1. Regarding the range 351-360, can at least one residue be identified that is under 24 Å from Val203 (Cβ atoms) and without any contact (Cβ under 8 Å) to a residue 60 or more places away in the chain?
2. Based on this model, can you work out whether Ser445 counts as at pLDDT 95 or above, of a type in the set (S, T, N, Q) and either within 33 Å of the chain's Cα centre (by Cα) or surrounded by 13 or more Cβ atoms within 10 Å (Cβ to Cβ) (or both)?
3. Considering only residues of the range 389-433 that are under 21 Å from Lys523 (Cα atoms) and open to solvent by 70 Å² or more (accessible area, probe 1.4 Å), which is farthest from the chain's Cα centre (by Cα)?
4. Taking the range 638-657 only, how many residues are open to solvent by 60 Å² or more (accessible area, probe 1.4 Å) and more than 24 Å from Pro620 (Cβ to Cβ)?
5. Hey, Thr551 hits all of (1) under 28 Å from Tyr422 (Cβ atoms); (2) of a type outside the set (A, V, I, L, M); (3) touching a residue at least 24 places away in the same chain (Cβ under 8 Å) but one; which does it fall short on?
6. Suppose we filter Phe125, Phe121, Phe129 for residues that are touching a Gly at 6+ places or on another chain (Cβ under 8 Å), open to solvent by less than 10 Å² (accessible area, probe 1.4 Å) and modelled with pLDDT under 90; which single one remains?
7. Please work out which residue is nearest to Gly164 (Cα to Cα), limiting yourself to the range 180-206 and to residues that are acidic (Asp, Glu) and in contact (Cβ under 8 Å) with a residue 60 or more places away in the chain.
Amino acid sequence: MANKQGNLSINSENLFPIIKKWLYSDHDIFYRELISNGCDAVTKLNKLSGMGEVTIPEGKKERVVIVVDEKEHTIRVIDTGIGMTFDEVNEYINQIAFSGATAFIEKYKDKTSDDQIIGHFGLGFYSAFMVADQVTIDTLSCQEGAAPVHWTCNGGTEYSMEEGTRTEVGTEITLYLNEDSYEFSHEYRAREIIEKYCSFMPVEIFLFTTEAWEKQLEREATVVVEPETAAEEETAETAEGGEGAETTDEEKAADEEKKEEEPEPKSLSDTNPLWAKHPNDCTEEEYKDFYRKVFHDYKEPLFWIHLNMDYPFNLKGILYFPKINNEYESVEGTIKLYNNRVFIADNIKEVIPEFLLLLKGVIDCPDLPLNVSRSALQNDGFVKKISDYITKKVADKLNALCNTERESYEKYWEDIHPFIKYGCLKDEKFYDRVKDSLLFRDLSSKYLTLKDLNEMPSHMEDDPAAPKEEGKETPQKEVITVGYVTDEVQQSQYIRMYQDAGMNAVILPSNLDSPFITMLEQKNEKLHFQRIDADVTGDLHAEDEAVPQETADALTEIFRKALDREDLTVKVENLKDEGIASMLTLSEESRRMQEMLKMYGISDMGQDTPATLVLNARNPLVRYILENREGEHTEMFCKQVYDLAAISHEPMKADAMAEFVRRSNEIMLLLTK
C-alpha cells in the first residue's frame with residue numbers, strides 16, 4: 001500500500017473550525033456520534049454476513065468498547081464491525097459529510113432493510129475534534145485481502161494515511177483530548193454521558209479504563225477447553241504439571257474465587273428496549289420495571305400507552321401517566337425523544353404537544369427530519385403529523401379507559417385531570433376527542449360527565465348578548481347553572497347549606513379550572529358555572545315573607561358604622577338555616593376577573609374585594625344586634641359577624657386573623673362575667 005498525504009476535501013477553509021466548535025450545542029455529544037458509528041459498523045457486518053458476502057469468525061464478539069485513560073487524557077472507541085479499506089477511509093473520512101450509511105443502504109436496498117442503520121459515518125465523526133487536539137483511526141476491512149489503515153489528523157485540514165498494524169476486523173478511534181476536555185476521560189463522566197445518549201442502541205456497549213480493558217483482553221485470550229475423556233484429561237494434566245500432576249481442591253477454589261471477584265462486564269446498552277417490542281409481548285411488570293429504570297421514579301405510574309406505528313411513518317414508544325399533583329405548575333414530566341434508539345433530547349415541543357409534557361415516556365421515530373447534527377428538528381410538516389398522531393393515541397386511551405374501565409378511570413381522575421384540562425385548553429382537537437370522558441366529582445363524591453351536566457334542570461334568564469329593542473321584553477336564554485366548590489374546607493359552610501337544601505355542586509380545586517370552565521361555557525352555550533358562594537339562590541331561602549325594607553336599612557347602617565365602611569354592600573335575607581349569621585358573596589364575574597388579573601401578576605389592583613355581606617334576619621345574633629344597636633358590645637359583635645363570614649370566603653390576612661382571635665377571646669370572657 002502506498003502512503004498518501006493530502007488535504008481534506010472542504011469547500012471553504014473556514015468550514016472545519018465551524019464544525020469543530022459550533023456543529024453541536026453540547027460537546028459531550030461526540031460520544032453519541034462515535035458510538036453510533038460503531039454500532040452502524042457492527043450492524044453492517046451482520047447484514048453482509050446474513051447475505052453471505054462475508055464470513056464472521058466463530059466466537060467474534062459484536063460490541064462497541066469505550067476505553068478511557070484519565071492519566072493520558074485519551075479515549076478509544078473500538079468496534080468489531082465492518083471496518084474500512086484505504087479507499088473507504090479516503091471517501092468517508094477525508095471528504096467531510098459523505099455518508100457511509102447512505103451509501104451502504106443504497107447499495108443493498110434490494111437485499112436488506114435499513115431499520116437498524118443509525119446514521120452516517122462522516123460528519124458525525126468530526127465531532128471528535130470538538131474535544132480532541134488529535135484523532136487517529138486504526139481500521140481493518142472485512143473484505144478479503146484488505147490491508148489495515150492508520151489515519152491521523154491533528155485538528156486542522158491536514159491528515160496522513162498509511163498502512164496500519166490492526167489485525168482484527170473493525171475500527172479503533174483514539175481521541176487525544178485538549179486541555180478543556182479532560183473531564184471526558186474520567187470514567188464516571190463517560191458512563192454518565194453514554195447512559196444518557198446510548199442506553200438503547202442495538203449493539204452492546206462496554207466501558208473500561210485502560211487497566212480494566214487490558215485485564216479483559218487477557219481473560220478473553222485464555223480459552224479453556226474441556227477434555228472429553230478421562231484419557232484426554234490425564235494427558236492434559238501431564239502436559240501441564242508433569243506425571244501425576246493434579247489440580248488440587250484449593251487451586252480449584254482459588255480459581256472459582258478469582259472468577260467471582262472479576263464478574264463479566266455489563267453492557268451499558270439495552271439492545272432490546274421495551275418500546276421496540278409488540279405490546280402483546282410486554283407484561284405489566286416489565287412496563288413498571290422500565291419506568292423505574294428510565295425515570296428513577298419510586299411511585300408506580302397510573303397507566304401507560306404503548307405506541308406502535310409503521311405507516312405512514314415509523315414511530316414506537318411508551319407514554320406513562322405518572323401520579324402527579326393537582327397543580328400544573330408543580331408538575332414536570334420528561335418525554336425522551338430517540339431517533340433509531342439514539343437519544344436526541346428531552347421534551348421537544350415540535351414533536352410532543354406541550355400539554356403532554358406533563359407525562360413521562362420515550363418516543364423513537366427513525367423518520368424524524370433532524371438537522372445535520374441530529375440535535376434539533378428541521379421545520380417540516382411531517383413533524384406536525386407525528387404530533388397529531390401522538391395526541392390522538394392519548395385521547396383514544398383516555399376514552400377507552402372511561403368507557404371500559406370506568407372504576408379505574410375514576411380513581412385516576414384526581415391525578416390526571418390537570419393534564420387533561422390543560423390539553424383541552426391548548427388543543428381544540430384534543431378537547432373534541434376527550435369531551436365525553438371529562439369527569440366532575442360532586443359533593444357526594446360521585447363522578448358526573450359533561451353530558452350529565454348538560455342534562456341538569458335549566459331555567460330562563462336574561463341574555464346579555466342578545467340585541468334589545470325598546471318597548472319589547474328583554475330576550476332570554478335557557479341556562480343550566482352548575483354550582484362548584486374550589487376549597488372543600490374553606491367553603492364547608494356553603495356546602496352544608498347546599499346539601500341541606502338538597503342541592504348539588506361539583507368540586508373544581510385546580511388553578512386550571514377557572515379558564516377551563518370558561519372554555520366549557522363557550523363551547524356549551526347553556527352551561528353556566530357559578531361558585532356556591534357567588535350568590536344566595538332561592539333554594540337556600542326560608543319560605544317566610546321577604547325581610548322588611550326598614551329592617552334591611554337599619555342593619556346596613558349599623559354594620560357600615562361599626563366596620564367604618566360606608567361603601568359596604570349589605571343584603572338582608574331570611575335563610576333556612578337559622579344558625580348561620582352571615583355570608584360573604586362575590587359575583588362570578590368579579591371573581592373570574594380577579595383570577596384573570598392574578599394570572600397576569602396583577603393582584604386586586606390595590607382595591608378591596610367587592611364582596612357583599614349577606615345577613616340572616618332569622619339568626620338570633622343578627623336580631624340581637626338590630627335590637628341593641630346602641631349597646632356596649634354591638635360594634636364588637638358586628639365585627640365578629642363580618643369576620644366569621646370572611647373566614648368562609650377567603651383566607652384572612654395575618655393582621656386581620658390576629659384581631660379576630662383577640663376579639664374571640666374577649667367575647668368568651670364576657671360569658672364568664
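The values are calculated or read from the model by the stated rules, or taken from the named source; none is laboratory data. Keep in mind the model is a prediction, meaning the values are calculated, not measured. Neighbour counts run over all protein chains shown; Cβ positions are idealised from the backbone, glycine included. Remember, those area values only see protein heavy atoms, side chains included, never the ligands or the DNA or RNA. Shrake-Rupley method; radii C 1.70, N 1.55, O 1.52, S 1.80 Å.
1. In the first step, residues of the range 351-360 are kept if they are under 24 Å from Val203 (Cβ atoms); the result is none.
No, the conditions are met nowhere in the range 351-360.
2. Working: at pLDDT 95 or above: no; of a type in the set (S, T, N, Q): yes; either within 33 Å of the chain's Cα centre (by Cα) or surrounded by 13 or more Cβ atoms within 10 Å (Cβ to Cβ) (or both): yes.
No.
3. This residue is Asp432.
4. Of the residues in that region, 6 qualify.
5. Failed condition: (1).
6. Details: Phe125 fails: touching a Gly at 6+ places or on another chain (Cβ under 8 Å); Phe121 fails: open to solvent by less than 10 Å² (accessible area, probe 1.4 Å).
None of the other options fit; the residue is Phe129.
7. Here is the first cut: in the range 180-206, the residues acidic (Asp, Glu) are 180, 183, 187, 192, 195, 204.
Narrowing the set further to residues that are in contact (Cβ under 8 Å) with a residue 60 or more places away in the chain leaves 187, 195, 204.
Details: Glu187: 28, Glu195: 32, Glu204: 26 Å.
The extreme case among them is Glu204.
For every residue, the table says whether it meets (1) loosely packed, with under 15 Cβ neighbours inside 10 Å; (2) farther than 26 Å from Phe184 by Cα; (3) touching a Ser or Thr at 6+ places or on another chain (Cβ under 9 Å); (4) at pLDDT below 80.
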position	(1), (2), (3), (4)
His73	no, no, yes, no
Thr85	no, yes, yes, no
Asn90	no, yes, no, no
Ala101	no, yes, no, yes
Asp110	yes, yes, no, yes
Ser113	yes, yes, no, yes
